[in-house]
Amino acid sequence: MDGFTGSLDDSMSGASVSDVNDRLAALDRVQQQEDELTVMKAALADVLRRLDASEMSAASSAKKQHAGKSGAAMREAHSLSCITNGGTSARKRESTSVTRKETLSSAAKSGADRRKETSSERSQMEEISETEDVAPLLLRAPRPLRPPRPLRVTNWSTPADVMALRGPSVKRSSGLERSRSSNWDTSDESKNKLVKAASTSKLLAKVVKNAERHKDAVVSQAEGNHIKMFMRGRPITMFIPSDVENYDDVRIELPPERLKLEWVYGYRGRDCRANVYLLPTGEIVYFIASVVILFNYEERTQRHYLGHTDCVKCLAIHPDKIRIATGQIAGVDKDGRALQPHVRIWDSVSLSTLQVIGTGTFERGVASLAFSKADSGQHLSVIDDCNDHMLTVWDWQKKSKIAEIKTTNEVVLAVEFHPTDPNTIVTCGKSHIFFWTWTGNSLARKQGIFGKYEKPKFVQCLVFLSTGDILTGDSGGVLLVWTRNTAESPTGKGPRAFQISRQVKGHEGSVFCMCEMRSGSVLTGGGKDRKIILWDHDLRADRDIEVPDQYGTIRAVSEGKGEEFLVGTYNNFIMRETYKDRHIERGVQGHTDELWGLASHPFREMFLTCAQNRLVCLWNSVNHSLQWSRTLEEHGHCADFHPSGAVVAIGTHSGKWFVLDAETTDLVAIHTDGNEQLSVMRFSEDGGLLAIGSHDNFIYLYTVSERGRKYGRYGKCSGHSSYITHLDWSPDNSYIMSRLRRRCVFPGDVLNGCNLIRNRSGKDIDWATYTCVLGYHVFVGAVRRRVQMRTDINALVRSHNRKRLADDFCKVHRFAYPLLQGQGAPSHKYSAHSSHVTNVSFLHRDSHLISTGGKDMSIMQWRLVEKTSLSLPDSLSSPELTPPPSESTVSLKDSLEPSDDTATPSDE
């Protein structure tokens with residue numbers, strides 16, 4: 001339709017074109033309705049086949065000579081139903097319509113014809129199921145390549161083709177009597193009944209409901225030497241290795257170790273402000289993802305508050321400097337249920353949650369909050385990040401909302417209580433500053449008047465001076481002093497007004513943040529000029545210091561120890577600075593864009609990350625410091641160390657890949673393969689080969705020499721139907737296992753032109769690493785959870801000692817390896833990331849696990865500890881297995897229970 005519309009003659013009038021478009025739209029709706037009826041009819045036929053298969057199985061079970069055949073027919077019918085329901089959903093409308101009609105025609109074939117087709121095509125079907133469904137991609141060691149043979153990938157163009165290959169159709173009984181001499185779908189009367197039933201709306205609705213229930217069904221059953229599953233309608237067969245005698249007897253226990261969050265790399269400053277403070281304990285408090293971090297710079301230690309369920313967006317310190325309030329945004333849990341935004345008040349010494357307020361009150365998230373000061377922090381004001389930007393006042397100890405009012409439809413950036421007047425609240429944001437008088441459960445507003453002064457686009461921040469005046473900074477770099485109008489009676493109607501008494505030019509560009517020091521002087525942080533200016537009591541610029549461009553604009557400033565002050569920047573840095581020696585010292589650094597690339601050093605306690613901000617970082621996991629960083633020309637997406645540890649290869653979004661010296665960061669080599677994103681880089685175990693998986697559906701192979709400093713193109717594996725996401729080598733460099741997007745694992749033989757091999761032949765192959773998320777040892781649990789959540793598992797890793805397995809599945813999960821129990825596979829689950837976990841990796845001694853968040857840009861370092869060494873509460877001291885995700889329910893009340901840094905893991 002779109003193509004036809006686009007080809008209309010330009011000389012046609014607007015009215016005629018509109019008329020043609022309306023008619024085409026009407027025809028399109030008719031076509032859609034016809035397609036829906038067709039698919040409902042096909043689904044009904046599918047249901048009848050399954051019913052017949054069930055009846056036939058029950059009848060045949062009484063006859064021993066027919067028991068095996070009946071079971072096979074039932075499994076074939078169920079396999080066919082899954083293919084019919086899920087296999088054509090991604091095709092174009094025209095192809096779908098034809099396919100579904102062919103499905104009906106195929107269902108109408110006679111049993112005799114079907115048996116003839118089966119005898120001639122049974123061997124072809126067996127070969128397809130072994131090659132298309134699950135083959136590990138096997139590659140041979142470097143030898144002169146023969147001319148590559150084209151990979152034979154059979155195209156299942158229609159369900160009718162699949163039905164023809166599956167074997168005889170199932171016969172249907174009439175009433176209570178079963179007729180084995182005739183087939184239900186060869187009868188004209190039966191076909192008429194089918195059409196009549198399909199036209200009944202009630203029956204159609206029931207069929208659709210039944211089809212939806214079976215759409216994502218996962219059936220796992222060991223049959224002889226293989227396991228058969230159905231994932232989103234696709235049949236998957238996994239052959240059981242020879243050393244497994246009885247699959248049904250295998251039982252997996254929970255891993256004896258737990259993960260404890262040891263360190264969090266990164267800081268959220270890019271889209272937040274006023275979120276870095278120094279506590280009396282000497283710790284710096286800030287946040288990233290769903291973790292609030294308390295960092296002791298001198299001792300190089302971290303503690304973590306892990307009570308939140310999604311991104312923390314704002315932070316406020318109680319006047320006693322001990323209690324802290326943090327607000328989060330709305331989110332979604334692992335089962336797809338909404339997580340409501342709320343505020344948590346917690347103790348910074350014990351890390352225990354004191355109160356949770358606002359559950360069910362806030363709409364999108366908590367934009368800003370502040371404790372009252374005049375009444376010793378008894379109340380808390382909160383700005384909701386909804387369209388109306390609701391201002392609420394809470395007695396947080398009683399969890400009661402006292403007052404609520406709409407502020408404005410424009411963005412509200414800050415809220416503060418007056419330090420001496422408990423009934424005055426000030427908010428500011430886009431083109432406004434409001435002064436609120438709070439009386440009982442009512443709030444009255446008076447807008448700040450700029451008068452002769454230019455009205456700024458944004459009032460970015462505010463601070464109360466020791467005189468009681470209000471100092472604001474705006475997007476024009478101007479500081480304004482607001483003084484209360486003494487002529488107005490405090491007992492008069494409405495709030496008392498503030499007027500501008502003074503204007504001072506502060507910065508080039510915006511004034512993003514400010515704070516008052518103990519001495520009464522004021523610090524302001526600028527945007528465009530990246531300056532931090534110290535102002536004396538008379539608002540005269542005393543001193544200033546400029547932050548280097550690499551750190552970005554200033555987002556947060558606060559007082560530090562002695563003469564130090566803390567600075568948070570747009571590029572997610574936290575620094576300690578002093579004016580005395582103009583010293584700038586980095587304390588925290590993180591990535592500033594989506595993070596995917598992760599690689600562990602082969603024999604050192606180090607790991608490398610790369611992100612879409614083009615920054616590559618090498619981290620020391622022992623002292624939790626940045627070893628080095630380098631900016632590339634392209635966005636980094638994947639990486640892998642050479643086994644010698646001398647170099648690291650990094651793949652980018654454009655098809656280029658770089659090789660860097662792991663010590664000096666010097667560029668060793670640069671190559672280009674295709675023009676699409678490179679998803680995975682993987683060196684062979686001896687470092688002699690490099691495999692690169694690309695979004696252009698190819699695997700590029702290189703020979704490697706001189707300890708990773710010289711590369712030569714060896715070959716290219718083709719035939720994949722989608723892009724490659726994971727790769728693993730066998731220890732002898734003979735084979736590679738590859739995993740495609742939303743597909744099963746493919747193995748192929750490189751010796752004979754990178755062709756896929758039979759899965760039956762590759763069932764006993766050993767793998768030096770295991771990152772493919774759909775193999776025999778891991779596929780049951782992984783597929784089961786992926787289907788239920790309708791999402792992909794981005795990463796999976798096996799420990800070097802081959803005893804543990806970790807994957808990302810929204811949270812960090814740990815299993816025992818091998819993972820052979822699909823529906824009941826027990827795991828430890830850990831929550832800290834607020835975005836999908838994009839990668840996981842064990843360090844070389846398996847002492848730590850590293851996980852990376854995608855859009856939360858965080859890096860988590862987890863330490864493996866014995867379960868008995870964790871000082872867990874009594875409720876968590878002994879693990880209790882919960883049902884699989886599809887059956888488990890976690891209420892919001894449970895998710896909001898008090899928690900601390902040791903109560904991180906839960907069992908699943």
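Worth a mention:
- Local electrostatic count, L413, Cβ distance below 13 Å [Lys/Arg +1, Asp/Glu -1]: 0
- Convex hull (Cα only) mean projected area of segment 267-517, reported in nm² to one decimal: 14.3
- Accessible area in square angstrom per residue, segment 551-685, 1.4 angstrom probe: 34
- Per-selection Kirkwood Rh - segment 430-582 (Cα, Å, 1 d.p.): 16.4
- Amide H contacts under 5 Å for K710, placed H, 5+ residues apart: S705
- Peptide packing: for 446-456, 506-516, the average count of neighbouring Cβ atoms within 10 Å per residue gives the ranking 506-516, 446-456, highest mean first.
- For segment 372-520, the C-alpha radius of gyration sits at 1.02 times the compact-globule guess of 2.2 N^0.38 Å, with N the residue count.
- Prolate/oblate/rounded call for segment 546-685, Cα gyration tensor, a/c under 1.5 rounded: prolate
- Close amide H contacts of R364 (hydrogens built in the peptide plane, cut-off under 5 Å, sequence separation of 5 or more or a different chain): D385, C386.
- Of the trypsin sites (Lys or Arg not before Pro) found in segment 252-300, those in coil by DSSP whose Cβ has at most 14 other Cβ atoms within 10 Å are R300.
The values are calculated or read from the model by the stated rules, or taken from the named source; none is laboratory data. All of these numbers come straight from a predicted model, not from anything done at the bench. With ideal geometry, Cβ positions are generated from the backbone for all residues, glycine too; neighbour counts draw on all protein chains shown. Ligands, DNA and RNA are excluded from the accessible area calculation, which covers all protein heavy atoms including side chains. Shrake-Rupley method; radii C 1.70, N 1.55, O 1.52, S 1.80 Å.
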